[in-house]
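K.L.:
The following block contains the structure, expressed as structure tokens.
The values are calculated or read from the model by the stated rules, or taken from the named source; none is laboratory data. No experiment lies behind these values; they were computed from the predicted model shown. Positions of Cβ are backbone-derived with ideal geometry, glycine not excepted, and every protein chain shown enters the neighbour counts. Heads up: the accessible areas ignore ligands, DNA and RNA and are worked out on the full protein's heavy atoms, side chains in. Shrake-Rupley method; radii C 1.70, N 1.55, O 1.52, S 1.80 Å.
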Amino acid sequence: MLVVNDSFPGPVIRVHKGDTVFVNVHNEGYYGVTIHWHGVKQPRNPWSDGPEYITQCPIEPGTNFTYEVIFSTEEGTLWWHAHSNWTRSTVHGAIVIYPIEGTTTPYPTPDGEEIFILGSWYVGNINALVLEDLKTGASAPESDSYVINGQPGDFLPCSQDSTHRWVVDFGKTYLVRVINAAMNADLFFGIANHNITVVGMDGSYVKPIINDFIVISPGQTMNLLLTANRSLGHYYAVARQYDTDQSFFNGFDDTNATAVLMYNGNYTAPDVPLFPSNLPAYTDNNAAYKFIGRLRSLASKDYPANVPLNITTKMLITVSMNYLPCPNASCAGIDGNMIATSLSNMSFVNPSTDLLLAYYRNLSGIYSTDFPNWPESFFDFTADDLPLNTTIPTQGTRVKMLNYNEEVEITFQGTAVLKIPQNHPMHMHGYSFYVVGSGFGNFNNETDPKNFNLVDPPEVNTVEVPKNGWVTIRFKANNPGVWFWHCHFERHLDWGMNTVMIVKNGGTPETSIRPPPTYMPPCRPPSLAWPKDFNDSHEVKKVYERK
């Protein structure tokens, strides 16, 4: 498997709010790779955002590329990961963002901190397995186990001697940074007999929430305070799947990944650490939605909630599982068809070159600008029996254009197409946004907005569209560039649950996309040849001509 600097997870990047970091990525593997700085807004700098064929082509084996990672308003915990194929399963790590030097957090300074990265473990070459499934139209592989800091933990014999252990001192308070780097699963996480206080999420602060567990979607991060005030002993920290798609897949990864919290001191260690008895069951929707519904922005004088109020663009986007018909039912998916996914019945197709370059150089034929504000047709999106024409999406590379400084409201509507309703964690590149409302059933444009929270909604970069429900977000389009929108379940991304938002330049250089760096990784033929005015790097030219 491909890893960074011989470690799984990869190294932690520590910065202060407002810093700029240069990361030189040398690809010593045998396939192309890109890196995305998840939750980092990268103002005016989509060139270093990272998703393959959206803002760059992969860094080829034996070459390198330097990312300029520009931090702005983020504060707390984010993460970085590969954004090419399924390589992010092993290529990822934490980003710790401290306050500006001389300032403090809105909660008392903790005595220490710990990072828990929750991930997925696969036996075998995961990229090869996924490629085969994409060719045949089959479902994507399920993980063989979940991991905490690279280890499945005590319940699997392969890691009983290497379970992650965290030593704490009685009476001290710790900041726990939790990252869900799993490929296709929401996760419950808790620590036996210890309450945790949620104080941050996705690089923003939230009003403190005391609970004995969290639910966290792929891509999300949470900051928790934990006070070590229990009897001296050993306690399991456990991550297990929160599963909402049982009707579709033939089972799921039911492993319980574990780490161990261990107290310092003189005591007899127990034979077995204590297990968190209040951790919800795999399919406990009520526990998950109740927790999510408590999240609120801090919305203080120092950390205001600047919710857009003068909406200029409204969108309703349906989020669906689909299929593409195969001749003579020759594929390995549903009823012999190929599995697909869509947004507003549009299944995204990656272009042969990156969209950012095509947009910046005004190249035609790479994408179209007709991603709709509304679904092609309205129906009972969450009904049990939906008409056939809702299951076959239109394929293409369609993007949404926005003018600079537009105030945007998007409602993501979950569907029961193919009788496969489930949660979908939607992630937006280049921005954070406010989650102003959510609910179950079909969104009602007349009554539901009356209950929107415009005072202290949570500010995040990844939001869960609830099973058979909807969620509404708002943001101001003040970061020009080409920005990816996608479900953070990797299999749904591969099947087409994506689109691209292009925010046009403002009227000044300070409100426009920065020029491209001297070198960008070249695209493999057959693809668009490099424009003459961009081919100003000898290194680019040599690599491209060699291919």
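K.L.:
Tell me which residues, restricted to region 1-24, are more than 19 Å from GLN56 (Cβ to Cβ), touching a Ser or Thr at 6+ places or on another chain (Cβ under 8 Å) and open to solvent by 80 Å² or more (accessible area, probe 1.4 Å).
P.N.:
Across region 1-24, the qualifying residue is only MET1.
K.L.:
Pairs only if they're at least six apart or on different chains, beta carbon under 8 angstrom, first in region 327-338 and on the phi > 0 side of the Ramachandran plot, second assigned to a strand (DSSP E or B) and open to solvent by less than 50 Å² (accessible area, probe 1.4 Å); list them, first residue then second.
P.N.:
ASP335/TYR323
K.L.:
Is it true that HIS83 is touching a Ser or Thr at 6+ places or on another chain (Cβ under 9 Å) and surrounded by 15 or more Cβ atoms within 10 Å (Cβ to Cβ)?
P.N.:
yes
K.L.:
Same structure again: Which numbered condition in (1) among the acidic types (Asp, Glu); (2) over 18 Å from the mean Cα position of the chain (by Cα); (3) crowded, with 18+ Cβ neighbours inside 10 Å is the only one that GLU75 fails?
P.N.:
(2)
K.L.:
When you go through GLU464, GLU459, GLU545 one by one, which is the residue that is open to solvent by 10 Å² or more (accessible area, probe 1.4 Å) and modelled with pLDDT under 95?
P.N.:
Values: GLU464 fails: modelled with pLDDT under 95; GLU459 fails: modelled with pLDDT under 95.
Answer to the selection: GLU545.
K.L.:
List every residue pair whose Cβ atoms sit under 6 Å apart, with the two residues 6 or more apart in sequence or on different chains, where the first one lies in region 305-318 and is under 8 Å from TRP374 (Cα atoms) and the second, anywhere, is of a type outside the set (Gly, Ala, Ser) and open to solvent by 10 Å² or more (accessible area, probe 1.4 Å).
P.N.:
MET315/ASN373; LEU316/TRP374
K.L.:
Also: What's the number of the only condition in (1) touching a helix residue (DSSP H, G or I) at 6+ places or on another chain (Cβ under 6 Å); (2) open to solvent by 30 Å² or more (accessible area, probe 1.4 Å) that VAL417 fails to meet?
P.N.:
It is condition (2) that VAL417 fails.
K.L.:
Right, GLY265: touching a residue at least 24 places away in the same chain (Cβ under 8 Å), open to solvent by less than 10 Å² (accessible area, probe 1.4 Å) and of a type in the set (Gly, Ala, Ser) or not?
P.N.:
On the way: touching a residue at least 24 places away in the same chain (Cβ under 8 Å): yes; open to solvent by less than 10 Å² (accessible area, probe 1.4 Å): no; of a type in the set (Gly, Ala, Ser): yes.
In short, no.
K.L.:
OK, next. Could you please find all residues in region 25-67 being in a loop (DSSP other than H, G, I, E, B), among the β-branched types (Val, Ile, Thr) and open to solvent by less than 10 Å² (accessible area, probe 1.4 Å)? Spell out the reasoning first.
P.N.:
In the first step, residues of region 25-67 are kept if they are in a loop (DSSP other than H, G, I, E, B); the result is 27-32, 34, 39-45, 49-51, 53-55, 57-58, 60-63.
Retained after the next criterion (residues that are among the β-branched types (Val, Ile, Thr)): 34, 40, 54-55, 63.
Correct list: THR34, VAL40, ILE54, THR55.
K.L.:
Let me ask something else. Could you go through region 373-393 and let me know if any residue there is of a type outside the set (A, V, I, L, M), open to solvent by 20 Å² or more (accessible area, probe 1.4 Å), in contact with a strand residue (DSSP E or B) (Cβ under 7 Å, 6 or more places away or on another chain) and at pLDDT 95 or above.
P.N.:
Yes.
K.L.:
To continue, here is another question. Among the residues of region 339-360, what is the count of those that are open to solvent by 30 Å² or more (accessible area, probe 1.4 Å) and modelled with pLDDT of 95 or more? If you could, list the steps in order and put the result at the bottom.
P.N.:
Within region 339-360, the subset open to solvent by 30 Å² or more (accessible area, probe 1.4 Å) is 349-350, 352, 359-360.
Next, from what is left, pick out any that are modelled with pLDDT of 95 or more: 349, 359-360.
Qualifying residue count, region 339-360: 3.
K.L.:
Do we find a residue being more than 23 Å from the chain's Cα centre (by Cα), at pLDDT below 95 and either at positive phi or open to solvent by less than 60 Å² (accessible area, probe 1.4 Å) (or both) anywhere in region 284-303?
P.N.:
No, because not a single residue in region 284-303 is more than 23 Å from the chain's Cα centre (by Cα), at pLDDT below 95 and either at positive phi or open to solvent by less than 60 Å² (accessible area, probe 1.4 Å) (or both).
K.L.:
Going by what's in this entry, would VAL147 be described as crowded, with 23+ Cβ neighbours inside 10 Å and assigned to a strand (DSSP E or B)?
P.N.:
Numbers: crowded, with 23+ Cβ neighbours inside 10 Å: yes; assigned to a strand (DSSP E or B): yes.
The answer is yes for VAL147.
K.L.:
If we keep just the residues of region 446-503 that are without any contact (Cβ under 8 Å) to a residue 40 or more places away in the chain and polar (S, T, N, Q), which is nearest to SER432 (Cα to Cα)?
P.N.:
Top of the filtered list is ASN451.
K.L.:
Being farther than 30 Å from GLY76 by Cα and open to solvent by 70 Å² or more (accessible area, probe 1.4 Å) is the filter here; which residues of region 95-124 pass it?
P.N.:
Quick first cut of region 95-124, residues farther than 30 Å from GLY76 by Cα only: 123-124.
Hit for region 95-124 is VAL123, nothing else.
K.L.:
Further, regarding this structure: Kindly indicate whether GLY137 is among the small types (Gly, Ala, Ser), buried (at least 20 other Cβ atoms within 10 Å of the Cβ) and within 18 Å of PHE275 (Cα to Cα). Break it down into steps so the answer makes sense when it comes.
P.N.:
Values: among the small types (Gly, Ala, Ser): yes; buried (at least 20 other Cβ atoms within 10 Å of the Cβ): yes; within 18 Å of PHE275 (Cα to Cα): no.
Against the criterion (among the small types (Gly, Ala, Ser), buried (at least 20 other Cβ atoms within 10 Å of the Cβ) and within 18 Å of PHE275 (Cα to Cα)), GLY137 does not qualify.
K.L.:
Residues being assigned to a helix (DSSP H, G or I) and out of contact with any strand residue (DSSP E or B) (no Cβ under 7 Å at 6 or more places or on another chain): count how many of those fall in region 394-425.
P.N.:
The first filter runs over region 394-425 and keeps only residues assigned to a helix (DSSP H, G or I), leaving 417-419.
So of that shortlist, the ones also out of contact with any strand residue (DSSP E or B) (no Cβ under 7 Å at 6 or more places or on another chain) come out as 419.
Counting residues in region 394-425 that are assigned to a helix (DSSP H, G or I) and out of contact with any strand residue (DSSP E or B) (no Cβ under 7 Å at 6 or more places or on another chain) gives 1.
K.L.:
Let me ask you something else. What do you reckon, is VAL319 at pLDDT 95 or above, of a type in the set (A, V, I, L, M), farther than 23 Å from GLY481 by Cα and within 21 Å of the chain's Cα centre (by Cα)?
P.N.:
Details: at pLDDT 95 or above: yes; of a type in the set (A, V, I, L, M): yes; farther than 23 Å from GLY481 by Cα: yes; within 21 Å of the chain's Cα centre (by Cα): yes.
Spelling it out, VAL319 is indeed at pLDDT 95 or above, of a type in the set (A, V, I, L, M), farther than 23 Å from GLY481 by Cα and within 21 Å of the chain's Cα centre (by Cα).
K.L.:
For region 304-332, give me the residue count where each residue is in a strand (DSSP E or B) and open to solvent by less than 60 Å² (accessible area, probe 1.4 Å).
P.N.:
Here the count works out to 11.
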